[in-house]
Structures are given as structure tokens and as C-alpha cells.
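Below is one structure, written out as C-alpha cells; the observations come after it.
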Amino acid sequence: MLEARGPRCRNREILTDMASTAQPLLELRSASVVIDDAVVVDRVSLAVARGEFVLLRGPTGSGKSTILKLLAGLIEPTSGEVVVAGDRVDHFNEMERRWLRRSMGLMMQDGKLLNDRTVHENVMLPALAAEESYSEARRRALLALEKCGLAEYADAYPARLSAGQRQLALLARAVVNRPVVILADEPVAHLDDANGEALLALLAAFSRAGVTVVCASHQALAEEGPQTREIILSAPGSVAADGGAA
């Protein structure tokens, strides 16, 4: 178990445990979420290995977004367990959850770019929030934009970007702190097939580089590899099929 000895120490311990290979990185153990008497997630169990790309697929109301929020510590389960690197996230206090999320890259559906800041400045924000220096945040942001193929738009404002480019900018912002985990909620929902496939391929590339990726999407992967699998969800929030544990 991790011991809470102050936020900075806690964050280092989380990162150390995430680098371990002895156990699944992310787990739900019979996790359920009930909101206003409605079952949103129903006794879901899953395990995600380090470096794996897991695609959560299912219809609206199948609990894809809620599962990602559980893994990120954004909400608590009504019952069951949420485990990250062997630690019970559902037992974390709010400060511990915030430090955990600094080890993650989040692309949630409500994520937006600030229209009064350049793309480069938008991507810098998580690095600045993590108390990096301004120069280091700028360096990391430019590197993230280069990885996402958007470096030429660094000085542009979000209004100039297409829908696909906005999603790439949000992905760059999610990876600027070099996360161990990327959680992406419907990143291709408003993209055409070509842009959607390109974005999923980029997420798969991060996975091949060792980042664990869990993505909720209505779109299947164009091609699968040995470290990718799909988990099919059915409403309300239960696992209908699992493509096989890594």
C-alpha cells in the first residue's frame, strides 16, 4: 500500500508504483455506480495491463464515460473497488486523487481549449499546474504538439483549428506531462471517419511507446495489435464481451 506522507511524496510513490510490472495498472472490482436510483455501472470488473490499449465500446448509456471517471478518481463507486497500481483509489482523499490525476492524461468530453490563448499556451497549462517552470512548460508543450502533428499551429488560436485539429490539441494537452496513463472519452465523437481513425492510431502509437491507454469510443480500431483489445459494454453499464486480457 502507498503511504500518504504529503502530496509531493505521495505523487512520487504513485509514479513509482505505476512503473512496476508485477500487477495490473488499472482495475475495477465489481464496481457499481447508482445515480438518482438509476444503475449507471453494474458490477463491472476489468483489469488493464501496463502499455495496453483498451477500447471501451457500447451504446449511449452503457457506462463508458462513468468507467473512465472511476479510473481517474473523479467519482466514487457506490459499491466495489477502484484500484490503480495496487492502491484503492476509492479510499483516497481529494488531495491524493488530484495528485494521482497528475500522473494521467485526461481527454474528457467536457474538455475545451481556451479561446483567448494560443494552442501552445493551452497545451502548457497542465505543466504549469504541475509546478513546472514556464520555460520547461513551453518546451514540453512544443514537444507534445510535435508528437501530435500540430507544431505548425502552436501560435494559432483555437478558432483557427478544424474539429480534428482541436482534438489533436486536446490530446497534446493530455500528454504534456508525460503521463503513465491516457484516459480518453469519445475523442472521435465529432470527427469524420478519416480523422477519427487517425486520432485512434495516434493513441495506439502512444500505447506502443509504453503508455497505458483506455479509450471510450463508438468507433472500432482500424487495426489491432497484440497489446490492444476491445471491451464491449451493454446498457446499463455491464460487460457484454471482453476481447481477452493482455
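Every number here is computed from the coordinates shown, using simple stated rules; none is lab data. Just so it is clear, the structure is predicted and the values come from calculations on it, not from any experiment. Glycine also receives a Cβ, built like all others from the backbone with ideal geometry; neighbour counts cover every protein chain displayed.
For the range 34-53 and the range 159-204, what is the separation of their C-alpha centers, rounded to whole Å? Between the Cα centres of the range 34-53 and the range 159-204 lies a distance of 22 Å.
Were the residues from Asp242 through Asp110 laid out at 0.36 nm apart, the gain over their Cα-Cα distance would be 44.8 nm. Each Cα pair under 8 Å and six or more residues apart adds its sequence gap; the mean of these over the residue count of the range 95-221 is a relative contact order of 31 percent. In terms of its C-alpha gyration tensor, the range 113-178 comes out prolate, because a/c is 1.5 or above and the ratio a/b outweighs b/c.
If the segment from Ala151 to Ser30 were pulled out straight at 0.36 nm per residue, it would be longer than the present Cα-Cα gap by 39.3 nm.
When you count the other C-beta atoms within 10 angstrom of each residue and take the mean per peptide, 38-45, 102-109, 117-124 line up highest first as 117-124, 102-109, 38-45. Considering only alpha-carbon pairs that sit under 8 angstrom and 6 or more positions apart, the relative contact order computed for the range 113-178 is 47 percent. Taking Cβ atoms as reference points and 13 Å as the exclusive limit, the residues near Val176 contribute a net charge of +3, counting Lys and Arg as +1 and Asp and Glu as -1. Based on alpha carbons, the Rg and Dmax found for the range 48-145 are 15.8, 44 Å. Counting 0.36 nm for each residue step from Asp37 to Arg97 and taking away their Cα separation leaves a gain of 19.0 nm. Compactness check for the range 146-221: Cα Rg over 2.2 N^0.38 Å is 1.05. Between His190 and Tyr134, the simple label model (points 7 Å from Cα in the Cβ direction) yields a spacing of 3.2 nm.
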